[in-house]
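The values are calculated or read from the model by the stated rules, or taken from the named source; none is laboratory data. The structure presented is a predicted model; accordingly, all values stated were derived computationally and were not measured. Methodologically, a virtual Cβ is constructed for each residue, glycine included, from the backbone with ideal geometry; neighbour enumeration extends over all protein chains shown. Surface areas here come from the heavy atoms of the whole protein model, side chains and all, with no ligands, DNA or RNA. Shrake-Rupley method; radii C 1.70, N 1.55, O 1.52, S 1.80 Å.
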Amino acid sequence: MNNQLLYSVEDKPPFGLSLLLAAQHLLAALGGIIAVPLVIGNVLKLPTDDTITLVNAALLISGVVTVIQCRGLGPIGIRLPSVMGTSFTFVAAALAIGFSDYGVSGILGASLVGSLVMIIGSFFMPYIRKLFPPVVTGTVVMMIGLSLIPVAVDWFAGGQRGDAQYATPENLMMASFVLVIVVALVQWGKGIFSAAAIVIGMMTGYLLCLILGWVNFDGVANAQTFAIPQPLHFGLSFPLSGIIGMSIAYLVTIVESSGNFLALGNATHTEITGKHLRGGVLADGLGSALAAIMSTTPFSSFSQNIGVISLTGVASRHVVALTGVLLALAGLFPVFGALIVSIPLPVLGGAGLMMFAMIIAAGIQMLDKVERSKRNGLIIAISIGCGLAVTTRPELLDKLPHFFKEVLGSGITVGSLLALILNLILPEDKEITKE
């Protein structure tokens, strides 16, 4: 990890460079932002126009909430470089409501009411911050990186397990090519070449894919040039069981977002206080409420962009606020988003594997400063072991009641909750040995 930041939180790089660095964050986040509305649209078999409405609104509101999160608006926002996007934590609850009589209006109504959990919870964050000593923080940050690695591996291989083109030699070579370029630029590049290593590596890979005829422009040809957002497009309804399910998902998201903000603090060399967490989680909650009104699914902070900061040393919140502007434009001009989505998965995978592995490295460095003791060793081992169990074998939860699948479906959540609980209940060691 870069110990020296090229640009710190308050630095403002020149506009042209800022735009390039903002595009780097956009490339890292865009796939994740559109994935959730696409999954919900496809699984619920929504008409294409309705799915496009979900996607456009997701991009537009991601952009607006990202700007607020980075720049702040009164008490709202962490004022650090945090990219916001639709969260997979809500997918199970959303689909359960979607398949009921309430459909998408039930999903959005339940997420609007459920957002109160996060909005109210944000005011207790200064107390919650005390539950995150270094052993818990380091474990959570490491678990975030570990849980993202399978995503990067599937990108690297060019799809999902079982696909005909999964892990073909061509895909692996393309991803490796991008990975080597990114590593070389980070290690030996100077100035802009180091700061923009990810976007340069991906642009090089994309150009090679163009030459090889790998890029599919069907999505670009079919995309609208301009789209006006449609508030309350699906309407709102309020199923009680759906509100309970969404509220549980919001509680889980508070834990995940807290972990992301602590990891972000480590990457940006900022000490995260209760006030930071309160502003960040409040922006999450209010952003999710706005998302429901504007016809898309709830939001949380994105961990993949923490990897971009760790890898490049660019921690400027002004750069990431500009990413928010680009995301909002992508929502208003869907053809722009479609062009980004045309990037072949192995190109994303080459950069993604490196970005997510850097989050693991950050977690290891944080844990390296923790006192060596049997108690701390148990907290780290059990939390990461159980978190990885859920990440690598999600079917472990298949026969459990829906409530437990909802709460324990994310390895980050399992690892975070176990680290928090074990830190509270395990007695302090009488003797602590330091390295």
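Kindly evaluate A267 against the criterion of being touching a Ser or Thr at 6+ places or on another chain (Cβ under 6 Å), open to solvent by less than 20 Å² (accessible area, probe 1.4 Å) and touching a residue at least 40 places away in the same chain (Cβ under 8 Å).
For A267, the condition - touching a Ser or Thr at 6+ places or on another chain (Cβ under 6 Å), open to solvent by less than 20 Å² (accessible area, probe 1.4 Å) and touching a residue at least 40 places away in the same chain (Cβ under 8 Å) - is met.
Evaluate region 85-94: report whether one residue or more is in contact with a Pro (Cβ under 9 Å, 6 or more places away or on another chain) and of a type in the set (A, V, I, L, M). Looking for residues that are in contact with a Pro (Cβ under 9 Å, 6 or more places away or on another chain) and of a type in the set (A, V, I, L, M), one finds at least one in region 85-94, hence yes.
Checked across region 149-169, the condition of being over 22 Å from F88 (Cα atoms), open to solvent by 70 Å² or more (accessible area, probe 1.4 Å), among the basic types (K, R) and not in a helix (DSSP H, G or I) holds for no residue. Residues in region 60-108 that are in contact (Cβ under 8 Å) with a residue 60 or more places away in the chain, surrounded by fewer than 24 Cβ atoms within 10 Å (Cβ to Cβ) and among the small types (G, A, S): G72, A92, A96, S100, G103, S105.
Only a single item in (1) in contact with a Gly (Cβ under 9 Å, 6 or more places away or on another chain); (2) assigned to a helix (DSSP H, G or I); (3) closer than 30 Å to E10 by Cα is not met by L322, and it is number (1).
For region 392-413, name all the residues that are modelled with pLDDT under 90 and β-branched (V, I, T). If the condition is that a residue be modelled with pLDDT under 90 and β-branched (V, I, T), then V407, I412, T413 are the ones that fit. Quickly run through region 1-59 and pick out the residues that are free of Cβ contacts under 8 Å to residues at least 24 places away in the same chain and open to solvent by less than 40 Å² (accessible area, probe 1.4 Å). The answer is G41, T51. Among the residues of region 62-83, the one identified as outside any helix (DSSP H, G or I) and basic (K, R) is R79.
Yes/no per residue for (1) among the aliphatic types (A, V, I, L, M); (2) surrounded by 17 or more Cβ atoms within 10 Å (Cβ to Cβ); (3) touching a Phe, Trp or Tyr at 6+ places or on another chain (Cβ under 7 Å); (4) closer than 30 Å to L108 by Cα:
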| site | (1), (2), (3), (4) |
| --- | --- |
| L185 | yes, yes, yes, no |
| F193 | no, no, no, no |
| V199 | yes, yes, no, no |
| L210 | yes, no, no, no |
| N222 | no, no, no, yes |
| P231 | no, no, no, yes |
| P239 | no, yes, yes, yes |
| G245 | no, yes, no, yes |
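Across region 283-300, the qualifying residues are those that are buried (at least 24 other Cβ atoms within 10 Å of the Cβ) and over 17 Å from the mean Cα position of the chain (by Cα), and the one among them that is nearest to D50 (Cα to Cα) is S295.
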